[in-house]
Each structure stands twice: as structure tokens, then as C-alpha cells.
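Here the structure is laid out as C-alpha cells; the discussion comes afterwards.
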Amino acid sequence: ARALTERGDVGLDCRWLNFAPQCTGWYNLADQGGSGSFQILWSGLYKLTTTAAIPYYTGQYSPEVAGNRRGFGIVTIGANVGDFHRAATESEERLNGIIKTANEDMLARGRAADTALRDNLQTTAISLANSTLVLVVLVIIVAIWMASYLSRKLDWLNDGFNRFRIGEKDFRFSFKYKDEITSLASTFNEMADTLNANMAKLQREIDVRCKTEQELRDIHDTLEQRIAQRTTELSREVEIRRQAQADLQHMAHHDPLTGLANRSLFNERLHHALSQSKRSGKYGAMLFFDLDKFKHINDILGHAVGDALLVHMANILQERVRGTDIAARLGGDEFAVVMVDMDRPEQAAVLAQDILDKLGNPITLCGHQLKIYSSIGIVTFPDHESQMLGDMEDIIKNADAAMYHAKSLGGMRYRFFDGSLHDKIIQADRLIDELHTALDKRQFEPYFQPMFHTDAQQVLYLEVLARWSHPEQRTLPPEIFLEPSAQSGLLAKIDMQMLDMACAHAKSWQDAGLSFGRVAINISLAHLDRAGFVGEVEHILQKYDLLPFCLAFEVSECVLLKTGTQPIRTLKHLRDAGVQIIIDKLQAEPFALANLLEYPINAVKIGDPLTSKIGDIRIDTMISTIVAVANAVHLRVIAEDVETEEQWRYFESLHCETIQGFRHAAPMNAEDTRRYLEDRSLRGEKAD
């Protein structure tokens with residue numbers, strides 16, 4: 001049974017067969033979920049023993065619940081109860097003995113275990129006590145160490161703070177390892193940097209404020225002195241303003257260059273002289289004059305020489321006029337003198353001749369020796385012989401007419417205004433009115449004069465010359481209308497009309513396959529001074545679908561001497577576009593020839609008075625010089641006014657390959673020019 005029990009089986013002892021085989025043991029076994037078989041022993045009186053396997057099941061069929069546990073039972077069946085129980089009794093006694101022995105053994109073992117447990121507990125308690133003591137000692141040591149470490153760190157921090165506080169502004173903590181204390185030190189370093197920066201900024205502000213305060217003290221200290229100085233200055237300024245007002249008054253009535261009276265003061269004094277002459281009955285006079293060729297001198301020699309010439313003229317007038325008279329510069333090179341309280345008109349002639357005599361003497365200005373020429377027109381008032389003089393405008397106009405009459409007689413003389421000049425003025429006014437009408441009705445038409453290559457076979461240019469198709473006087477040459485047109489401002493409009501008409505004819509010839517080279521048109525300074533002139537030329541070329549290579553402009557030499565001005569820029573723009581620029585009637589002065597390299601030009605013209613004087617050694621030298629210089633800088637030389645065979649051969653010997661003159665072709669209208677070009681085309685003219 002013990003062996004079975006140790007294996008996990010359950011023992012069953014049925015002592016009574018009351019309800020065999022459901023005895024109490026079996027029931028208990030079945031109730032507790034056992035399983036197995038019974039061994040039935042027959043013993044007792046009959047000594048008959050039978051063993052039978054009686055399978056049973058406790059009521060739990062699931063092997064997962066029963067665990068396949070087996071039970072066994074011993075069933076004793078017999079009639080002798082005593083014997084039947086003897087085995088059980090013996091077994092009980094034996095079992096009780098075993099149990100007693102086991103209990104005693106268990107008690108002994110319990111006592112031994114208790115003793116061992118007490119010993120172990122005592123040993124453990126002693127060990128725990130010792131461990132606790134050691135731990136306490138260690139904690140105390142660690143606490144002492146931590147306290148000492150933190151104290152040193154705090155002292156380190158505190159010492160650094162004190163050093164910074166007492167003035168060591170550059171002190172910073174140095175450390176190698178990072179912990180909570182060094183984090184505080186790092187924060188201190190950052191705070192110290194910020195504090196030092198703010199302190200530096202504050203110090204700068206303090207310095208600025210100290211400086212400002214010092215400046216304020218200085219200002220305060222010198223304020224009274226400055227007030228006194230300013231009071232003195234104000235007094236001076238008042239005086240200066242008085243003087244400035246006087247100067248302004250003088251400038252308002254005087255020319256700033258010459259110091260003479262200007263047009264405003266002149267008109268005022270002339271009006272006063274007219275009134276005075278009417279009241280007193282004495283004569284007054286106006287002398288009007290300008291300087292001949294002044295513009296040429298101003299353009300060639302420069303404005304400095306021109307200004308010096310004007311000042312020289314002013315000095316002559318101031319020296320010659322009386323104290324009661326007034327000399328004025330009316331603008332440009334125009335001057336006038338108003339004389340009053342004259343007994344005879346001839347007194348004005350005396351002053352005029354005196355001025356002319358003084359001007360006739362050569363002078364040196366800015367290194368240039370000059371001789372000044374002038375013509376003077378004189379008007380006297382009141383005019384007892386004529387009632388034509390009435391107001392200032394008439395007087396100025398008539399004096400101007402008298403001056404131009406003196407110029408027409410050769411210059412360097414004076415002329416009084418008379419009735420015949422008045423008739424000329426009326427005629428000039430009528431001519432200007434007719435010119436306006438002619439321009440509006442397009443009565444001006446272009447005439448064309450060819451310029452040839454010296455082999456007389458190729459037309460290089462057709463020079464455009466304006467003619468006036470007058471409805472009553474037929475065709476008039478330019479000598480009739482050029483000067484009045486220029487004076488009235490109509491010349492520029494006539495030039496543009498000629499350009500438009502010439503381009504129209506050039507387009508028709510081009511479409512007909514005729515060769516004419518370029519049309520060459522004279523243009524004045526008035527055109528070149530306008531920035532919009534280039535645009536107007538481009539517009540006309542586009543209008544007739546012509547290229548710039550069909551066009552050339554002739555300009556006078558004095559225009560090109562305005563280096564750096566609008567005319568030079570305009571000519572350069574035109575030349576760069578393809579239009580040729582020709583200098584008309586170039587002279588041989590060294591300063592003119594030296595500037596050929598600087599001008600935007602393609603060709604130069606040599607004409608009268610040089611052409612007509614070929615054979616004169618001096619003239620021949622001048623012409624050969626011009627040709628040599630032009631050839632050296634690769635400019636075409638055009639000889640115009642070539643009328644004789646001698647002139648032709650002369651220019652041919654100088655390798656001047658372009659000729660113009662009546663000997664070969666006179667100016668022609670557009671229709672005749674077309675027939676001329678067609679005739680040359682039929683005769684096989686070469687293309688340019």
C-alpha cells in the first residue's frame with residue numbers, strides 16, 4: 001500500500017462487506033474522484049483467497065479531469081469475524097507503531113529543525129546587525145564626502161562670484177566636467193558676458209552724455225559771445241543785402257558780360273529820350289550796329305575770344321559816349337547808343353565815325369590778332385522832315401535797316417535812315433508775306449546740279465538747290481529769298497520741304513533704274529541744333545522707302561567748329577546711319593584743317609573764291625594743302641565752280657576726282673534731271 005501510495009495510487013481498506021462492493025472506502029474513493037480496481041481477498045476460516053480485478057470508475061469520465069488515476073481495494077470476505085479483524089487489528093497495531101515511530105521521528109526532527117532555525121535566525125540577526133552597522137557607517141561616510149564635495153564646489157562658486165563682484169570683470173569659471181554645479185558656473189559665465197556687454201554699452205552712453213554735457217557747457221559758455229558775433233554778422237548781412245539789392249537792380253538793367261545797359265534799360269532810356277526830345281525840341285539819336293563776322297570768330301576761335309571781343313567793344317563805347325548818353329548791348333553782338341540833347345543830327349555821325357575809327361585799329365585778344373569791322377545805322381528824332389517815326393519799335397526797326405544798308409555798301413561805315421530805306425523795309429515785309437504764302441502753296445521746287453567723277457562718266461551726287469516758282473516773276477534764284485527767309489525763320493521750313501521733294505524724286509528715279517549716286521542737300525545750323533532733326537530725316541526716308549545711302553548733307557565749315565555741341569552729335573548720328581556729310585567751301589586755315597580728323601564727315605568742297613583764283617601761288621598752295629590733308633585722312637575732295645579747262649586739269653593733277661560746275665551741267669529742274677539721267681543711262685553710265 002505504501003509503495004502504491006508513493007506512486008500516487010490510493011489505497012482502500014474495506015473492513016466490512018455490508019454493501020459489497022460499494023463499501024465505505026470505495027465510496028470515499030469514488031467521491032474523491034479516484035479510479036482503479038479492487039483486489040478481493042478471501043481469507044479466514046476457509047483460507048480461501050480469491051483475487052479478482054473489479055474495475056470501477058469514480059464518476060469522472062474525462063481523463064483530463066481524472067488524470068487517469070487508479071485505485072485499488074482489498075476486500076476480505078470470510079465468516080470468522082475475529083480472524084477477519086485480526087489481520088486488521090494487527091495491521092492497526094503495526095500501523096500505529098509505525099505511526100508512533102513516525103511521530104516521534106517527526107517530533108525529533110521538529111525539535112532539531114526548531115533548534116537549527118533558532119540558530120540560523122540568531123546567525124542571520126547577527127549578520128543583519130553587522131550589515132546594518134556597515135551600511136550606516138557607509139552612509140555616514142558618503143554623507144560626509146558629499147557634504148565636503150558640495151561645500152568645496154559652493155566655496156568655488158562663491159569665490160568666483162566674489163571675484164567678479166569686487167571688480168574682476170574678465171573672470172570666468174573653468175571646468176572640465178559637466179554637472180549641476182558646473183551648469184551654474186556656465187550660466188554665471190554667460191551672465192557675466194551679457195553683463196559686461198551691457199556695461200560697455202552703458203559706458204558708451206555715459207561717455208556720449210558726458211561729451212554732450214560738455215558740449216552744452218561749451219555752447220552755454222560761448223552763447224553770449226556768439227550772440228554778439230551774430231548781431232554783428234546780421235548788421236553786415238543787412239549791409240550785404242542792401243548791396244545785393246543794388247547789384248540785383250544793376251544786373252536787372254545791365255549786361256553781365258560787358259556791364260552795359262541791357263535791352264530793358266535801353267528801352268526805358270530810349271522812351272525817356274523820345275519824351276525829352278519832344279519836350280525840349282532838341283535832337284536825339286539812336287545808333288545801332290553789330291560786329292561783322294563775329295559769329296565766324298566766335299565759332300572758330302572759341303567763346304573766350306568772342307567774349308573778349310564783346311568786352312573790348314563795350315570798353316570803346318564807354319570811353320566814347322557822353323555822360324548824358326547810354327550805351328547798351330541788346331543781345332549777341334548787337335549794340336546800341338542813345339544820344340540826347342543834341343543841337344544838330346550830325347553830332348551822332350561824329351560819334352559813329354569815332355567808334356568806327358577805334359574799331360579799325362588791330363587788337364590782340366587771347367593771343368589772336370584781330371581787326372574788328374562794323375556798320376552803324378543811325379536814326380534821329382524828332383524827324384522834322386518825315387512823320388514816319390513815331391514809336392520805339394519804328395526807331396529800332398529803322399536803325400536796323402540803316403545798318404544793313406551800310407553793310408550792303410561794303411561795311412565799316414554809317415548811314416542815316418531815310419525815306420528810301422523805309423520803302424525797302426516795306427518791300428522786305430511784303431516779301432516775307434509772299435514767302436509764307438509760297439511755303440504754304442509749295443511754290444519752292446528743287447533744282448539738281450550733278451557732281452561728276454573726273455572721267456565725266458559717273459554722277460556721284462545731285463546737289464539740291466532751291467528755286468522759287470513765283471506766280472508773277474517766274475523762277476527766282478535763292479539770292480532773292482534766302483536772306484529774308486533766314487531772318488524771318490522760314491529757311492528751316494523751306495529746307496525740310498526741299499528734302500521731302502528731293503527724296504520723292506530720288507525714289508521715282510530709283511524705281512526707274514536710273515543711277516544718280518546721292519542727293520546732296522544744304523542744311524543750316526538751325527536744323528543741327530534740334531535734337532529731333534535726325535528723327536525727321538528718318539521719317540522722310542521711310543516715307544519714300546529710301547536707304548540713308550541715297551542721301552548726303554552739305555554743312556558750312558563754321559557749323560563743324562562747334563565741337564561737343566548738338567550739331568556734332570546730330571552729324572555723327574546721321575553719318576553712322578549711312579548719310580554722307582560734306583563740308584561746304586572748306587578754307588585752308590591751319591586750325592580748320594587740323595580738325596578734319598575729329599569731324600564726322602565724308603567729303604570736303606573747294607569752291608569760290610579759291611577756284612576762281614587758280615594760278616595764284618598762294619591760292620594754289622592753299623588748295624594743294626586742303627587736298628593733301630583730305631587724302632591723308634581718306635576724305636573725298638569735291639571741286640565746285642569748275643568752269644574752265646584749265647581749272648579741270650588743275651584739279652585732275654591734284655587727284656581730285658569729283659568735279660562740279662556749269663561747264664558740264666547747270667542746275668536743272670526735276671523733269672530735266674530725269675531726262676538727263678535717262679540719256680546718260682542710254683549712253684552706258686557706270687554704276688556707283
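Of GLN458, GLN449, GLN443, which residue is open to solvent by less than 40 Å² (accessible area, probe 1.4 Å), modelled with pLDDT of 80 or more and over 20 Å from PRO478 (Cα atoms)? It would help to see each step written out before you state the result.
Numbers: GLN449 fails: over 20 Å from PRO478 (Cα atoms); GLN443 fails: over 20 Å from PRO478 (Cα atoms).
On inspection, the qualifying residue turns out to be GLN458.
Restricting the search to segment 338-366, which residues are open to solvent by less than 60 Å² (accessible area, probe 1.4 Å) and in a helix (DSSP H, G or I)?
Within segment 338-366, GLN347, ALA348, ALA349, LEU351, ALA352, ASP354, ILE355, LEU356, LEU359 qualify.
Scan segment 292-330 for residues that are within 28 Å of LEU274 (Cα to Cα), open to solvent by less than 30 Å² (accessible area, probe 1.4 Å) and under 48 Å from the mean Cα position of the chain (by Cα) and jot them down.
Matches in segment 292-330: LEU310, LEU330.
Return the residue satisfying two criteria in turn: it lies in segment 508-529 and is among the charged types (D, E, K, R) and surrounded by fewer than 18 Cβ atoms within 10 Å (Cβ to Cβ), and of such residues it is nearest to LYS543 (Cα to Cα). Outline the logic, then answer.
Our first condition is that a residue be among the charged types (D, E, K, R); within segment 508-529, this holds for 511, 518, 529.
Pick out the ones that are also surrounded by fewer than 18 Cβ atoms within 10 Å (Cβ to Cβ) and you get 511, 529.
Numbers: ASP511: 15, ASP529: 23 Å.
The extreme case among them is ASP511.
Which condition does ASP394 not pass, out of (1) surrounded by 13 or more Cβ atoms within 10 Å (Cβ to Cβ); (2) closer than 21 Å to ALA261 by Cβ; (3) in contact (Cβ under 8 Å) with a residue 40 or more places away in the chain, if it passes all the others?
Status for ASP394: all satisfied but (3).
Please go through segment 113-137 and pick out each residue that is closer than 30 Å to ASP179 by Cα and open to solvent by less than 90 Å² (accessible area, probe 1.4 Å).
Answer for segment 113-137, where residues must be closer than 30 Å to ASP179 by Cα and open to solvent by less than 90 Å² (accessible area, probe 1.4 Å): VAL134, VAL136, VAL137.
Within segment 646-666, how many residues are in contact (Cβ under 8 Å) with a residue 12 or more places away in the chain, part of a helix (DSSP H, G or I) and open to solvent by 20 Å² or more (accessible area, probe 1.4 Å)?
4
Can you list the helices (runs of 4 or more DSSP H) found entirely within segment 530-633 that contain at least 3 residues being modelled with pLDDT of 85 or more and open to solvent by 20 Å² or more (accessible area, probe 1.4 Å)? It would help to see each step written out before you state the result.
Working: elements: 533-543, 557-560, 566-577, 590-593, 617-632.
Result: 533-543, 566-577, 617-632.
Can you tell which of SER264, SER275, SER235 is open to solvent by less than 50 Å² (accessible area, probe 1.4 Å) and either part of a helix (DSSP H, G or I) or at positive phi (or both)? Quick ask: steps written out before the conclusion?
Numbers: SER264 fails: open to solvent by less than 50 Å² (accessible area, probe 1.4 Å); SER235 fails: open to solvent by less than 50 Å² (accessible area, probe 1.4 Å).
Checking each option against the conditions leaves just SER275.
Against the definition (in contact (Cβ under 8 Å) with a residue 40 or more places away in the chain, in contact with a helix residue (DSSP H, G or I) (Cβ under 7 Å, 6 or more places away or on another chain) and open to solvent by 40 Å² or more (accessible area, probe 1.4 Å)), how does HIS505 come out, yes or no?
Taking the combined requirement at face value, the residue satisfies it.
Go through (1) of a type in the set (S, T, N, Q); (2) under 30 Å from VAL338 (Cβ atoms); (3) surrounded by 12 or more Cβ atoms within 10 Å (Cβ to Cβ) one by one and return the number of the condition SER186 breaks.
(2)
The values are calculated or read from the model by the stated rules, or taken from the named source; none is laboratory data. All of these numbers come straight from a predicted model, not from anything done at the bench. Methodologically, a virtual Cβ is constructed for each residue, glycine included, from the backbone with ideal geometry; neighbour enumeration extends over all protein chains shown. Heads up: the accessible areas ignore ligands, DNA and RNA and are worked out on the full protein's heavy atoms, side chains in. Shrake-Rupley method; radii C 1.70, N 1.55, O 1.52, S 1.80 Å.
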